[in-house]
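Asks: Pasting in a structure now, in structure tokens, and then I'll have a few things to ask.
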Amino acid sequence: MLSIKNLHASVGGTEILKGLTLDVPAGEVHAIMGPNGAGKSTLSYVLTGREGYEVTKGSATLDGEDLLALAANERAARGVFLSFQYPLEIPGVPALTFIRTALNAQRKARGEPEVAAPAFLKLAREKAAALKIDFDMLKRALNVGFSGGEKKRMEILQMAMLEPRFLILDETDSGLDIDALKIVSEGVNALRSPERGMLVITHYQRLLDHIRPDRVHVLSAGRIVASGGPELALELEREGYDKYARAA
Amino acid sequence: MAAVSKTVEQVGELESYKHGFVSDIEQEFAPKGLSADTVRFISAKKGEPDWMLQWRLEAYERWLVLEQPDWARVEFPPIDYQNSYYYAAPSTKEGPKSLDEVDPELLAIYAKLGIPLKEQEVLAGVEGAPRYAVDAVFDSVSVVTTFKKELAAVGVIFCSMSEAIREHPELVRKYLGSVVPVSDNFFACLNSAVFSDGSFVYIPPGVRCPMELSTYFRINAAESGQFERTLIIADKGAYCSYLEGCTAPMRDENQLHAAVVELVILDDAEIKYSTVQNWYPGDPVTGKGGIYNFVTKRADCRGDRAKVSWTQVETGSAITWKYPSCVLRGESSVGEFYSIAITNGRQQADTGTKMIHLGANTRSRIISKGISAGRSSNTYRGLVSAHPKAKGARNFTQCDSLLIGKDCGAHTVPYIEARNGSAKFEHEATTTRLSEDQLFYVMQRGLSQEEAVQLLVNGFVKEVLQELPMEFAVEAQKLVAISLEGSVG
């Protein structure tokens with residue numbers, strides 16, 4: 001599925017990723033943990049094609065296709081989805097309109113017909129209910145005046161509606177209380193499937209109690225410095241990142 | 001700001017002005033230049049009565065001593081008023097009386113512009129769909145007005161200004177110049193002297209106009225100006241919704257469009273006036289050519305509880321100088337102004353409104369959305385004033401500016417004068433730059449950069465778009481997209 005090899009990337013001339021190598025096979029959930037400034041968010045932006053993030057060396061492919069050569073929207077159409085740490089407000093555009101516009105743009109790029117309105121609404125109702133999102137909220141401008149928790153749930157709803165092949169969750173647990181964390185995690189777990197891969201970026205172990213990873217990687221100073229099973233997350237929770245910061 | 005920084009170069013690729021064609025149609029002109037003889041020529045061409053000619057000549061005399069205003073935030077070289085034609089009209093023996101008599105070439109031009117002039121074509125549409133009566137003004141003359149009979153059956157007069165002067169002199173003499181006086185300002189005064197055609201509407205007491213009225217203005221001739229004059233009167237308890245659209249060919253020289261629109265609203269009457277202005281904006285890179293849109297629009301809420309609403313979508317013109325205003329004279333009268341002004345390339349817009357509260361308990365509302373891209377300049381200029389007798393006057397103003405790229409400018413110049421203690425005015429203003437974060441967020445969901453800008457901009461202007469009649473709103477939304485094509489790298 002996702003294969004990253006010796007990836008180097010800079011922002012504004014400063015190298016942030018310094019030879020990152022990582023493989024996430026289909027059907028697996030991998031967690032990336034690491035201290036502030038390790039390059040976690042940079043990794044998510046580089047994979048999704050944000051401008052201003054310059055790849056200087058290395059490669060990233062999804063099922064063998066070079067992701068780095070594609071524009072952000074083309075990557076989205078290939079099924080790469082990023083759940084933002086800080087979802088943006090889109091004034092004047094109702095959430096439902098936003099999601100439908102995005103879905104149709106992706107379908108168009110893949111040569112598929114537009115989704116029919118009744119089917120779309122039915123699906124949106126079901127998915128919103130599962131995430132305990134009041135349907136009326138979907139008629140409001142996306143994320144405008146939403147609480148932190150509502151914004152995160154809205155990210156998961158978009159994910160559920162767009163049905164991406166590869167999911168990147170950037171600090172999805174930040175700003176969530178324990179109940180919201182549970183709802184969001186259930187939403188994410190519902191999307192686990194043998195065809196999908198997931199990259200879960202987080203500071204804390206607590207998200208991984210709800211979204212059980214197959215593998216855990218420690219990202220420090222722009223590289224993966226340790227990899228292991230779920231137990232690695234527990235060790236980090238106990239002992240912190242100090243020894244990995246030194247190792248880098 | 002990598003995406004946005006490419007703006008300037010990309011704007012060069014903006015070749016999206018869809019109405020820039022020139023129609024080769026036989027036309028006759030007044031001699032070039034402006035003099036009392038030009039005024040006489042125009043008046044004679046239209047077969048006007050002497051009182052109209054005298055009115056024009058007086059305006060011309062006054063214009064000679066007025067100075068072109070220089071307070072707007074726009075820059076342009078001096079206009080040579082002698083180097084322009086003040087009258088250009090398709091050659092016909094008589095003004096056309098019915099659709100069958102209109103030159104098929106002209107009908108073809110309007111068909112190309114997407115304006116239905118054949119009543120049966122309009123009727124052939126979906127059942128229950130709103131119908132539009134159209135007055136088509138081509139350069140200096142009205143070529144046809146549709147649905148006149150059906151409107152006349154309910155007492156509504158909808159015709160060209162030339163016809164109104166001939167057929168309804170009592171109404172014209174009573175109201176013409178009563179809202180915008182002859183010497184109100186330099187451009188209005190010029191218009192008063194040389195105005196050629198425009199629309200005239202009278203809605204009798206208690207009548208709700210059964211269909212949307214619209215005028216479609218087309219400048220075609222080279223080196224000519226368009227000086228249309230529109231007068232709409234809503235008598236007591238009447239209602240009408242009126243739309244105007246405008247386009248012009250792409251030409252290298254600047255062409256002057258100095259129009260005057262007067263609205264008179266009596267007790268309990270209401271006029272909704274919508275504009276979609278898409279004059280040729282000039283070359284996006286060099287700034288060469290384009291229309292100078294110097295327009296005076298004013299509504300006089302003369303009666304109690306009268307209501308007027310201006311909605312404008314301004315996307316075209318090299319320079320826009322336009323302040324549709326409301327004089328709220330009648331008690332509890334209401335004025336509204338909803339505006340979307342988009343500038344791209346080298347366009348300059350200085351536009352806004354004036355809400356003059358004269359009567360007690362008058363209310364007004366201003367929603368202005370300015371969008372600047374390319375190397376354009378976009379200014380909101382507005383006045384809200386309450387006179388001593390306007391007890392309990394209320395105004396709410398919201399001015400939002402959106403910047404796309406870093407070579408454009410947005411300015412907000414609000415004037416507020418409250419001359420009594422009970423007036424309550426609120427003013428909110430924001431200026432934001434289309435953010436790289438938002439663009440990336442939308443693109444990450446699958447929209448191309450162009451589509452992402454459109455989505456964000458449509459969200460920004462939504463409050464105003466929804467004030468337009470539905471069919472117009474769809475058109476306007478497309479126009480917004482077209483005007484911003486290539487605005488982001």
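Asks: Could you tell me which of the residues B:F460, B:F440 is within 14 Å of chain A (Cβ to nearest Cβ) and more than 30 Å from B:L328 (Cβ to Cβ)? Steps first, please.
Replies: On the way: B:F460 fails: more than 30 Å from B:L328 (Cβ to Cβ).
None of the other options fit; the residue is B:F440.
Asks: Being in a strand (DSSP E or B) and modelled with pLDDT under 95 is the filter here; which residues of segment B:311-336 pass it?
Replies: Correct list: B:T311, B:Q312, B:V313, B:E314, B:I319, B:T320, B:W321, B:K322.
Asks: Quick check, is A:G52 at positive phi and more than 8 Å from chain B (Cβ to nearest Cβ)? Even if it seems obvious, please write down each step before you answer.
Replies: Details: at positive phi: yes; more than 8 Å from chain B (Cβ to nearest Cβ): no.
Criteria not met by A:G52.
Asks: Out of A:T48, A:T61, report the one residue that is within 14 Å of B:M443 (Cβ to Cβ) and among the β-branched types (V, I, T).
Replies: Details: A:T61 fails: within 14 Å of B:M443 (Cβ to Cβ).
Only one candidate passes the filter, namely A:T48.
Asks: A further question on this structure: Suppose the filter is free of Cβ contacts under 8 Å to residues at least 40 places away in the same chain, away from every other protein chain (no Cβ under 14 Å) and surrounded by fewer than 22 Cβ atoms within 10 Å (Cβ to Cβ); does B:H387 pass it? Before you say what the answer is, go through the steps one by one.
Replies: Details: free of Cβ contacts under 8 Å to residues at least 40 places away in the same chain: yes; away from every other protein chain (no Cβ under 14 Å): yes; surrounded by fewer than 22 Cβ atoms within 10 Å (Cβ to Cβ): yes.
The answer is yes for B:H387.
Asks: Can you tell me which residue is nearest to B:P77 (Cα to Cα) among those in segment B:263-289 that are hydrophobic (A, V, I, L, M, F, W, C) and in contact (Cβ under 8 Å) with a residue 40 or more places away in the chain?
Replies: Residues of segment B:263-289 that are hydrophobic (A, V, I, L, M, F, W, C), as a first pass: B:263-266, B:269, B:271, B:276, B:279, B:285.
Cutting the leftovers down to in contact (Cβ under 8 Å) with a residue 40 or more places away in the chain gives us B:263-266, B:269, B:276, B:279, B:285.
Values: B:L263: 32, B:V264: 35, B:I265: 38, B:L266: 42, B:A269: 43, B:V276: 27, B:W279: 19, B:V285: 17 Å.
So the residue we want is B:V285.
Asks: Taking helices (runs of 4 or more DSSP H) that fall entirely within segment A:75-190, which contain at least 2 residues that are away from every other protein chain (no Cβ under 14 Å) and either more than 27 Å from B:E450 (Cβ to Cβ) or among the small types (G, A, S) (or both)?
Replies: Values: elements: A:95-109, A:117-130, A:148-162, A:178-190.
Fully inside segment A:75-190 and qualifying: A:117-130, A:148-162, A:178-190.
Asks: Kindly check whether there is at least one residue in segment A:62-71 that is aliphatic (A, V, I, L, M), crowded, with 22+ Cβ neighbours inside 10 Å and within 10 Å of chain B (Cβ to nearest Cβ).
Replies: No, every residue in segment A:62-71 fails to be aliphatic (A, V, I, L, M), crowded, with 22+ Cβ neighbours inside 10 Å and within 10 Å of chain B (Cβ to nearest Cβ).
Asks: Restricting the search to segment A:12-49, which residues are out of contact with any helix residue (DSSP H, G or I) (no Cβ under 7 Å at 6 or more places or on another chain) and within 14 Å of chain B (Cβ to nearest Cβ)?
Replies: Residues satisfying the conditions are A:G12, A:G13, A:S41, A:T42, A:S44, A:Y45, A:V46, A:L47.
Asks: Among the candidates A:L138, A:L131, A:L142, which residue alone is surrounded by 15 or more Cβ atoms within 10 Å (Cβ to Cβ) and within 22 Å of A:S41 (Cβ to Cβ)? I'd like the intermediate steps shown before the answer.
Replies: Values: A:L138 fails: within 22 Å of A:S41 (Cβ to Cβ); A:L131 fails: within 22 Å of A:S41 (Cβ to Cβ).
Unique residue meeting the criteria: A:L142.
Asks: Step by step: first the residues of segment A:181-209, then only those that are among the small types (G, A, S) and surrounded by fewer than 19 Cβ atoms within 10 Å (Cβ to Cβ), then the one that is farthest from A:E237 (Cα to Cα). Which residue is that?
Replies: Filtering segment A:181-209 down to residues among the small types (G, A, S) leaves A:185, A:187, A:190, A:193, A:197.
If we keep only those that are surrounded by fewer than 19 Cβ atoms within 10 Å (Cβ to Cβ) as well, we get A:190, A:193.
On the way: A:A190: 26, A:S193: 28 Å.
Checked segment A:181-209; the qualifying residue farthest from A:E237 (Cα to Cα) is A:S193.
Asks: If we keep just the residues of segment B:400-436 that are over 32 Å from the mean Cα position of the chain (by Cα) and surrounded by 13 or more Cβ atoms within 10 Å (Cβ to Cβ), which is nearest to the other protein chains (Cβ to nearest Cβ)? Please lay out each step first, then the result.
Replies: As a first pass, look at segment B:400-436 and keep what is over 32 Å from the mean Cα position of the chain (by Cα): B:420-422, B:436.
Among the residues that remain, those that are also surrounded by 13 or more Cβ atoms within 10 Å (Cβ to Cβ) are: B:420, B:422, B:436.
Details: B:N420: 35, B:S422: 33, B:E436: 7 Å.
Among those that are over 32 Å from the mean Cα position of the chain (by Cα) and surrounded by 13 or more Cβ atoms within 10 Å (Cβ to Cβ), it is B:E436.
Asks: Of everything in segment B:1-41 that's polar (S, T, N, Q) and modelled with pLDDT under 75, which residue is nearest to the chain's Cα centre (by Cα)?
Replies: Keep residues of segment B:1-41 that are polar (S, T, N, Q), which gives B:5, B:7, B:10, B:16, B:23, B:27, B:35, B:38.
From what's left, modelled with pLDDT under 75: B:5, B:7, B:10, B:16, B:23, B:27.
Values: B:S5: 33, B:T7: 28, B:Q10: 29, B:S16: 21, B:S23: 23, B:Q27: 25 Å.
Selected residue: B:S16.
The values are calculated or read from the model by the stated rules, or taken from the named source; none is laboratory data. Just so you know, these numbers come straight off a predicted model, no measurement behind them. Methodologically, a virtual Cβ is constructed for each residue, glycine included, from the backbone with ideal geometry; neighbour enumeration extends over all protein chains shown.
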